[in-house]
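Report on the structure given below.
The values are calculated or read from the model by the stated rules, or taken from the named source; none is laboratory data. Every value quoted in this text rests on a predicted model; they were computed, and no experiment measured them. A quick note on method: Cβ atoms are made from the backbone with ideal geometry, for glycine too, and the neighbour counts reach across all protein chains shown.
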Amino acid sequence: MDNSAASNIDNGVGQFEAEASMAVVDAVPLFDVSEYPEEQRGIITECNRRIDEANNKYRVAKFREDMFAKGLKAGMYFCTFDRDEKMLSFEFNDETRQMLGYDGLEDLPNEFDSWVKTLVPEERDGIVKLFWDSVRIHRELPDITHATYRMQRKDGKIIWVTGAGRFIRRPDDGSLEIYMGCYRDITAQKDREEYLKIIEAIGKVFNFSLFIDVKDMSYRMISTNEYVEKVPKDPDALEFLKRNVDSSVAGSFRKSLYDWLNKDLILSAIEEHGSASMEFYSESAHRWFNGIFMLGDRNEDGSIAHIVYGCLDNTDAKLQNLAQQKLISEFETEIYIDSLSQIRNRRFLDEKLIYEPCHAVVMADIDLFKKVNDTAGHQGGDEAIQKVAKILNQSVRKEDVVVRYGGDEFMMVFFDITREDLENKLSYLQSAVRKVKIENSPEVKITMSFGGAYRTDLVKNLIETADKALYESKKIRDTYTVI
């Protein structure tokens with residue numbers, strides 16, 4: 001026996017098993033050529049060839065009929081061979097064409113090359129070699145071998161098939177007469193087997209995980225932990241998860257988790273987004289976790305059959321993220337905060353704010369600031385800028401922004417404000433700024449002029465209008481104008 005071919009069958013492409021088949025009785029016996037005179041043997045040989053051909057067709061029909069009688073209406077192909085074991089014919093049945101998405105004989109002709117092209121390209125050479133190796137050494141192989149391998153549909157989709165290859169040998173000399181393949185699509189089964197392998201692997205990653213049957217919400221525990229083990233079991237997966245929430249999750253997270261543990265919402269999220277997740281803090285474990293629902297597998301009609309729940313410990317990632325946020329905050333403080341006024345600077349406006357939509361932009365500057373500097377000195381001028389910036393910054397919501405636009409000029413951006421509230425705000429600021437006192441120059445009076453642009457637009461589109469409004473206010477000083 002060819003060791004390499006045997007090795008391929010045992011360990012190579014696909015997965016193979018073997019069994020013995022039933023005995024096959026010939027329809028018509030052949031003539032014994034040796035019993036005839038030499039001059040008649042040519043005619044007798046030709047007769048035997050035609051009998052062989054008739055027997056061949058008869059037995060193909062017989063096997064096809066036998067398999068359908070047993071309810072095996074599966075994909076099939078039939079190869080016939082002459083006595084030198086050269087292939088004479090190759091034939092698909094209609095079920096094969098339907099399984100592979102082909103439409104009739106013209107779409108997938110009865111040719112060996114048609115079968116070859118249905119194999120997955122990267123596996124094609126190996127499976128074809130195995131086929132011909134098996135034909136070559138068929139006498140040393142069992143009558144029936146079972147194989148599982150992949151095929152490619154006309155639309156390019158890859159499917160898994162399993163079935164039996166059957167050697168039918170001539171009884172007189174043992175030569176291969178017919179090779180018949182029978183297979184069915186087991187893609188869904190293989191997908192589930194492969195997914196379960198993935199789930200088992202996920203079980204090693206998840207701190208706690210379940211494989212859940214959507215039909216009745218029964219479940220199989222994939223992985224568990226000491227805190228889960230203390231919780232009384234419940235046959236319903238969601239009820240069991242709620243008991244875990246009661247047992248270990250911090251109170252502030254419980255209501256949101258109860259709302260989240262809703263079958264319809266979970267299935268809808270999986271269909272739309274592929275998963276559903278929620279973060280929570282476990283008081284018993286003193287750790288942060290992320291609960292995740294994912295697709296397990298589907299029914300033949302496409303509906304979800306199983307889902308997977310996994311509880312992933314993300315404490316380290318969360319702490320790392322918080323550390324990164326702190327670094328980002330420190331970085332932004334360094335580059336986006338004006339060192340004198342301690343509010344946002346012009347760089348922040350240009351890089352972060354300029355293309356944001358808002359309701360209002362206000363430009364403002366200190367009236368007669370040169371006079372303030374001349375009277376109180378530059379230190380007095382800096383003090384005025386600091387105190388004005390503090391008043392402006394404390395008067396806006398956390399979501400709104402105050403920027404030192406340059407020198408004694410400031411910008412305010414309001415993301416959600418009515419015109420009435422804006423005017424009230426500017427009136428208040430006008431009064432508040434008047435109360436500013438310069439420490440060593442109490443005689444210096446501080447006032448500001450404000451110009452507001454009110455409409456929903458990008459910040460960049462409102463600056464010019466706000467400048468025009470400020471220009472109108474500066475004609476009078478210590479007032480505000482809103483356009």
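State all residues of the range 98-107 that are closer than 12 Å to M151 by Cβ and either at pLDDT below 90 or crowded, with 17+ Cβ neighbours inside 10 Å (or both); if no residue qualifies, say none.
Our first condition is that a residue be closer than 12 Å to M151 by Cβ; within the range 98-107, this holds for 99-102.
Residues satisfying the conditions are M99, L100, Y102.
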Quiz prompt | Selection within the range 259-284 - without any contact (Cβ under 8 Å) to a residue 12 or more places away in the chain and loosely packed, with under 13 Cβ neighbours inside 10 Å | solution = D259, D264, S268, E272, H273
Self-check item: Subset tally (residues that are out of contact with any Gly (no Cβ under 8 Å at 6 or more places or on another chain) and closer than 17 Å to R419 by Cβ) for the range 450-483
Solution: 11
Exercise. Answer with yes or no whether D125 is free of Cβ contacts under 8 Å to residues at least 40 places away in the same chain, charged (D, E, K, R) and over 14 Å from R153 (Cβ atoms).
Key: yes
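If a residue has to be within 18 Å of T162 (Cα to Cα) and in contact (Cβ under 8 Å) with a residue 24 or more places away in the chain to count, how many in the range 80-95 make the cut? Lay out the reasoning, then the answer.
Just the residues of the range 80-95 that are within 18 Å of T162 (Cα to Cα), to begin with: 92-95.
Next, only the ones that are in contact (Cβ under 8 Å) with a residue 24 or more places away in the chain stay: 93.
Result for the range 80-95: 1.
Could you please let me know if F450 is closer than 30 Å to D374 by Cβ, in contact (Cβ under 8 Å) with a residue 24 or more places away in the chain, crowded, with 18+ Cβ neighbours inside 10 Å and hydrophobic (A, V, I, L, M, F, W, C)? Full working, then the answer.
Details: closer than 30 Å to D374 by Cβ: yes; in contact (Cβ under 8 Å) with a residue 24 or more places away in the chain: yes; crowded, with 18+ Cβ neighbours inside 10 Å: yes; hydrophobic (A, V, I, L, M, F, W, C): yes.
Here the answer is yes, as F450 does meet what is asked.
Checking the conditions here, which among F450, F414 is in contact with a Leu (Cβ under 6 Å, 6 or more places away or on another chain), within 21 Å of K390 (Cα to Cα) and not charged (D, E, K, R)? Lay out the reasoning, then the answer.
Working: F414 fails: in contact with a Leu (Cβ under 6 Å, 6 or more places away or on another chain).
Going through F450, F414 in turn, the sole match is F450.
Condition (residue is buried (at least 21 other Cβ atoms within 10 Å of the Cβ), under 52 Å from the mean Cα position of the chain (by Cα) and either not assigned by TED's automatic domain parsing to the domain that holds H378 or not acidic (D, E) (or both)) applied to the range 456-463: is it met by at least one residue? Working first, answer last.
Initial filter on the range 456-463 (buried (at least 21 other Cβ atoms within 10 Å of the Cβ)): 459, 462.
Of the ones still in play, those that are also under 52 Å from the mean Cα position of the chain (by Cα) are 459, 462.
This time we only want the ones that are either not assigned by TED's automatic domain parsing to the domain that holds H378 or not acidic (D, E) (or both), so: 459, 462.
Yes: one or more hits.
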Self-check item: Test: I159 is of a type in the set (A, V, I, L, M, F, W, C), touching a residue at least 60 places away in the same chain (Cβ under 8 Å) and over 24 Å from I178 (Cβ atoms)
Solution: yes
Quiz item: Given the structure, is G380 in contact with a Phe, Trp or Tyr (Cβ under 9 Å, 6 or more places away or on another chain) and among the small types (G, A, S)?
Solution: no
Quiz prompt | Filter pass, S473 being over 48 Å from the mean Cα position of the chain (by Cα) and either assigned to a helix (DSSP H, G or I) or surrounded by fewer than 21 Cβ atoms within 10 Å (Cβ to Cβ) (or both) | solution = yes
Practice problem: May I ask you to say which residue of E85, E123 is part of a helix (DSSP H, G or I) and of a type outside the set (F, W, Y)? | Solution: E123
Quiz prompt | Out of D264, D297, D301, D236, sole residue that is within 21 Å of F211 (Cβ to Cβ), among the acidic types (D, E) and under 17 Å from the mean Cα position of the chain (by Cα) | solution = D297
Exercise. Considering every residue within the range 139-148, establish whether at least one is modelled with pLDDT of 85 or more, surrounded by fewer than 18 Cβ atoms within 10 Å (Cβ to Cβ), of a type outside the set (K, R) and in a helix (DSSP H, G or I).
Key: yes
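Would you confirm, using the coordinates I've provided, whether Q386 is farther than 25 Å from L462 by Cα and in the same structural domain as R477 (by TED's automatic domain parsing)? Write out each step before concluding.
Numbers: farther than 25 Å from L462 by Cα: yes; in the same structural domain as R477 (by TED's automatic domain parsing): yes.
The answer is yes for Q386.
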Exercise. List the helices (runs of 4 or more DSSP H) that sit entirely inside the range 219-292 and contain at least 3 residues that are farther than 15 Å from L312 by Cα.
Key: 237-248, 251-260, 263-273
